[in-house]
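Trainee: After the structure tokens below, expect a handful of questions from me.
The values are calculated or read from the model by the stated rules, or taken from the named source; none is laboratory data. Model, not experiment: these values are computed from the prediction. Positions of Cβ are backbone-derived with ideal geometry, glycine not excepted, and every protein chain shown enters the neighbour counts. Just so you know, the surface numbers come from the protein's heavy atoms only, side chains and all, with ligands and any DNA or RNA stripped out. Shrake-Rupley method; radii C 1.70, N 1.55, O 1.52, S 1.80 Å.
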Amino acid sequence: MTKKDYLKDIGEIKDLMNKSSRFISLSGLSGVMAGIYALIGAGFAYWLVTNSERQYLILDGKIFRLVMLDLFLIAFLSIVTAVYLTTKKAKKNGEKIWDNSSKRLIINFMIPLVVGGLYILIILGQQKYGQTGALMLLFYGLALVNASKYSIGDIRYLGFIEIILGLICAIFPGYGFWLWVAGFGIMHIVYGTLMYLKYDRKKQ
Amino acid sequence: MSIITNINKVFDHRFRLGIMSILMVNEFADFNTLKELLGITDGNLASHLKALEKVNYISISKSFIDKKPNTKYSATKDGVVEFQKHIAALERIINSQN
């Protein structure tokens with residue numbers, strides 16, 4: 001074997017290791033869309049609260065329920081869009097959408113996310129809602145860092161940024177809304193655009 | 001010390017190297033997963049798996065899923081150590097000839 005053969009071997013080893021353990025067809029565009037939904041949703045919540053009689057959010061009442069519905073819609077639309085665009089991209093790459101690598105990715109992403117979601121619901125039930133924004137950012141960031149081992153490495157950095165925003169948010173809960181907009185809206189758009197330019201566009 | 005010390009003859013085949021690569025980063029893999037990832041025929045894969053099993057680099061566990069036989073392959077401790085040695089040797093060769 002010549003040196004060229006050995007180099008090819010190493011390349012093939014790397015390729016197989018990645019292909020067999022990481023799901024790489026995450027669509028960058030779905031990140032951008034999630035960011036846009038978050039911004040629209042946040043705009044709607046802001047309008048709701050500032051146009052209400054009290055002009056701030058309390059835990060019971062119609063406005064609060066509408067904000068919760070708003071949050072749910074953002075999450076729902078983001079997930080549907082991500083699944084749709086990722087399925088499309090996986091098909092184009094000849095990658096299976098539901099294999100061991102994508103299963104592992106989703107399971108490891110969901111563990112911190114579900115724990116965080118339940119925790120937030122529990123403390124909301126105890127009338128503690130000052131840290132909701134911080135907790136959402138923190139648990140989402142941890143979910144991304146945890147999932148990054150099973151996908152393209154870059155989502156790790158998005159995770160770290162969300163965690164930092166979450167910690168800042170915990171110190172200044174008064175800016176929770178704006179940090180939430182930065183974390184879920186702007187960061188998703190920035191990150192999604194970067195991923196799109198780095199991975200998706202090149203292949204077209 | 002010769003430059004090709006630690007080059008492992010058992011791994012001197014791209015499919016065997018491929019099988020080991022997959023088993024290094026996965027706890028286990030079944031026959032069909034290996035087949036798809038490597039793009040190899042049944043018989044070819046079976047013979048390479050046998051060769052790796054013979055030197056005790058991989059272990060095999062058989063079970064049934066929905067009454068269908070399912071064979072899982074995983075790397076043994078020996079296999080992991082030998083694979084790492086082999087990769088280090090490959091790297092040395094590549095670097096030395098630069």
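Trainee: Just name one of A:33, A:44, A:6: the one whose Cα is farthest towards the positive end of the charge dipole of the stretch A:2-102 (beta-carbon charges, Lys/Arg +1, Asp/Glu -1).
Mentor: Result: A:6.
Trainee: Given R₀ = 22 Å, FRET efficiency for residue A:75-residue A:201 by Cβ-Cβ distance, to 0.05?
Mentor: The computed FRET efficiency comes out at 0.20.
Trainee: About its Cα centre, how strong a charge dipole does chain B have in debye, to the nearest 20, once Lys and Arg get +1 and Asp and Glu get -1 at the Cβ?
Mentor: It works out to roughly 180 debye.
Trainee: May I pose another question? To the nearest 10 degrees, how steeply does helix A:155-171 sit against the main Cα axis of chain A, on a 0 to 90 scale?
Mentor: Here the helix axis deviates by roughly 20 degrees.
Trainee: Let me ask something additional. Gain in length, residue A:119 to residue A:131, computed as 0.36 nm per residue apart minus the alpha-carbon separation, to one decimal in nm?
Mentor: Result for the pair: 3.2 nm of gain on full extension.
Trainee: Does the stretch A:109-195 come out rounded, prolate or oblate, given a ≥ b ≥ c as the square roots of the eigenvalues of its C-alpha gyration tensor, rounded meaning a/c under 1.5 and, failing that, prolate meaning a/b above b/c?
Mentor: Taking the square roots of the gyration eigenvalues as a ≥ b ≥ c, the stretch A:109-195 is oblate.
Trainee: A follow-up question, please. Considering just Cα atoms, how many Å³ per residue does the convex hull of chain B enclose?
Mentor: In chain B, the Cα convex hull volume per residue is 105 Å³.
Trainee: Mind giving me the FRET efficiency for residue B:72 and residue A:167? R0 is 45 Å, r the Cβ-Cβ distance, nearest 0.05 is fine.
Mentor: The pair residue B:72/residue A:167 has a calculated efficiency of 0.60.
Trainee: Work from the charge dipole of the stretch A:51-143 (Cβ charges, +1 for Lys and Arg, -1 for Asp and Glu, about the Cα centre) and give the residue of A:97, A:112, A:124 farthest towards its positive end.
Mentor: Ranked along the dipole, the leading option is A:97.
Trainee: Still on this structure, I have one more. Using only Cα atoms, find the angle between the long axis of helix A:132-147 and the longest principal axis of chain A, and express it within 0 to 90 degrees, rounded to the nearest 10.
Mentor: For A:132-147 against chain A, the angle is about 10 degrees.
Trainee: Let me ask something else about it. Quick check on my link table: of A:14/A:103; A:3/A:89; A:8/A:198, which ones sit more than 27 Å apart, alpha carbon to alpha carbon?
Mentor: Over 27 Å Cα-Cα: A:3/A:89.
Trainee: Two decimals is fine: what's Rg over Rh for the protein assembly as shown, C-alpha atoms, Kirkwood radius as Rh?
Mentor: 1.10
Trainee: Could you report the accessible area of residue A:119 in Å², rounded to 10, computed with a 1.4 Å probe on the protein chains as they sit in the structure?
Mentor: In the full protein context, residue A:119 sits at about 100 Å².
Trainee: Subtract the Cα-Cα distance of residue B:13 and residue B:81 from 0.36 nm times their separation in residues, and report this length gain in nm to one decimal.
Mentor: 22.7 nm
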